[in-house]
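Read the structure below first, then the notes.
The values are calculated or read from the model by the stated rules, or taken from the named source; none is laboratory data. All values derive from a computational prediction rather than experimental measurement. All Cβ positions, glycine included, derive from the backbone under ideal geometry; neighbour counts span all protein chains shown. These accessible areas exclude ligands, DNA and RNA; they are computed on the full protein's heavy atoms, side chains included. Shrake-Rupley method; radii C 1.70, N 1.55, O 1.52, S 1.80 Å.
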Amino acid sequence: MRTAKALTISAVVGVGLMLALDPSPTLSLDVTPSPNAVQPSPVDAFRAGAEALRTGEKDRAVSSLQYAAEHGHGFALWQLGRMYAEGDGVKRDDFRAFEYFRKFADSHADDNPQMPRARFVANAFVSLGHYYLDGIPGSSVSANPERARRMFSHAASYFGDSEAQYQLAMLYVDGNGVTRDAKRAVPWLTLS
């Protein structure tokens, strides 16, 4: 997961730039509105969450991002997955991270690999691959190297993700879930 931190930083910077260029005022999101309050849009909730992340207000960020994710904002799913995977502002919870990454990957698996979002989708597939490779203790996610190979393979071949290419090569080098095959590993190592 050598690219996860770089992706998180670029995501926060990108959203920060988006917020800076947006002439609308900064949104303060209350996710427990009164019955008469207007519900914020998922985009507004995501912007509020991104702004809260930028200013270090992790509790507000999580609350806003969860609202956005529950209402269909895909990037909020990825951001929450990353936060739970790293324990950033929340207690580390690999199963919750897995679920957020799974939902994001499932809904964007066939996105155009040239879209800016593609690198985040690929990162979600790589994260899922790691979870399937090792399993998540105390959860329904058991070690499944074949499924890990499929996650890495999709991110490596469809999205051209270098981390996925490297992980796929290592599966062939180690013979983990696949037949040990240096000839199949070399092209993936070269690409990565």
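One table, with the values for the structure above:
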read-out: Pair list, Cβ under 9 Å, 6 or more apart: segment 87-116 residue within 26 Å of S157 (Cα to Cα), other residue open to solvent by 50 Å² or more (accessible area, probe 1.4 Å) and among the acidic types (D, E); value: A97/E86
read-out: Wholly within segment 1-117, helices (runs of 4 or more DSSP H) carrying at least 1 residues that are modelled with pLDDT of 90 or more, crowded, with 20+ Cβ neighbours inside 10 Å and in contact with a helix residue (DSSP H, G or I) (Cβ under 6 Å, 6 or more places away or on another chain); value: 42-54, 58-70, 74-86, 94-108
read-out: Residues located in segment 135-188, provided they are assigned to a helix (DSSP H, G or I), under 19 Å from R119 (Cα atoms) and not small (G, A, S); value: R149, R150, M151, F152, H154, E163, Q165, Y166, Q167, L168, W188
read-out: Residue ID - nearest to H108 (Cα to Cα), chosen from residues in segment 136-180 that are at pLDDT below 90 and open to solvent by 50 Å² or more (accessible area, probe 1.4 Å); value: N176
read-out: Criterion violated by H130 - all others in (1) in a helix (DSSP H, G or I); (2) closer than 22 Å to A69 by Cα; (3) open to solvent by 10 Å² or more (accessible area, probe 1.4 Å) satisfied; value: (2)
read-out: Long-range neighbours under 8 Å by Cβ, at least six apart or interchain, first residue among the hydroxyl-bearing types (S, T, Y) within segment 129-153, second open to solvent by 20 Å² or more (accessible area, probe 1.4 Å); value: Y131/D94; Y132/A143; Y132/N144; Y132/P145; Y132/R147; Y132/M151; S139/D94; S139/F95
